[in-house]
1. Using only alpha-carbon positions, what ratio does the radius of gyration of the chain give when scaled by 2.2 N^0.38 Å?
2. Is there a quick way to get the dipole size of the chain? I mean about its Cα centre, with the Cβ of Lys and Arg at +1 and of Asp and Glu at -1; what is the value in debye to the nearest 20?
3. What number, rounded to the nearest 500 deg cm²/dmol, is the helix-based mean residue ellipticity at 222 nm of the chain, given -39500 (n - 2.57) per DSSP H run of at least four residues and division by all its residues?
4. Based on the Cβ-Cβ distance from residue 33 to residue 10, what FRET efficiency comes out when R0 is 30 Å, to the nearest 0.05?
5. Among 14-26, 36-48, how do they line up from the highest to the lowest mean number of other beta-carbon atoms within 10 Å?
6. Between residue 47 and residue 18, what length comes free when the chain is fully extended (0.36 nm per residue of separation minus the Cα-Cα distance, one decimal in nm)?
Amino acid sequence: MFSYSGLTAEQAQRLRSEFGIYALDTGRICVAALNQKNIDVVCDAIKQVL
C-alpha cells in the first residue's frame with residue numbers, strides 16, 4: 001500500500017540520502033512497511049526534511 005506524502009522531489013531525495021528512507025521523487029511512500037518499531041524514526045526524518 002502506497003501513499004502520496006506531498007513531499008517534493010528534493011525532500012524525498014534527502015530522506016534517501018540522509019536517513020536511508022526510500023521515497024520516490026513524486027513523494028510516494030510505502031506505508032505498508034511502517035510498524036511500531038520504525039514509525040518514530042520515519043516521522044522524525046520526515047519532520048527534519050519539511
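1. Normalised by 2.2 N^0.38 Å, the Cα Rg of the chain equals 1.01.
2. Here the chain has a charge dipole of around 100 debye.
3. Roughly -13500 deg cm²/dmol at 222 nm, from the helical runs in the chain.
4. The calculated FRET efficiency here is 0.85.
5. The most tightly packed comes first, giving 14-26, 36-48.
6. Computed gain between residue 47 and residue 18 is 9.2 nm.
Read the figures in this text as sums done on the coordinates, not as results from a lab. Since we're looking at a predicted model, the values are computed, not measured. No Cβ is skipped: glycine too gets one built from the backbone with ideal geometry, and neighbour counts run over all protein chains shown.
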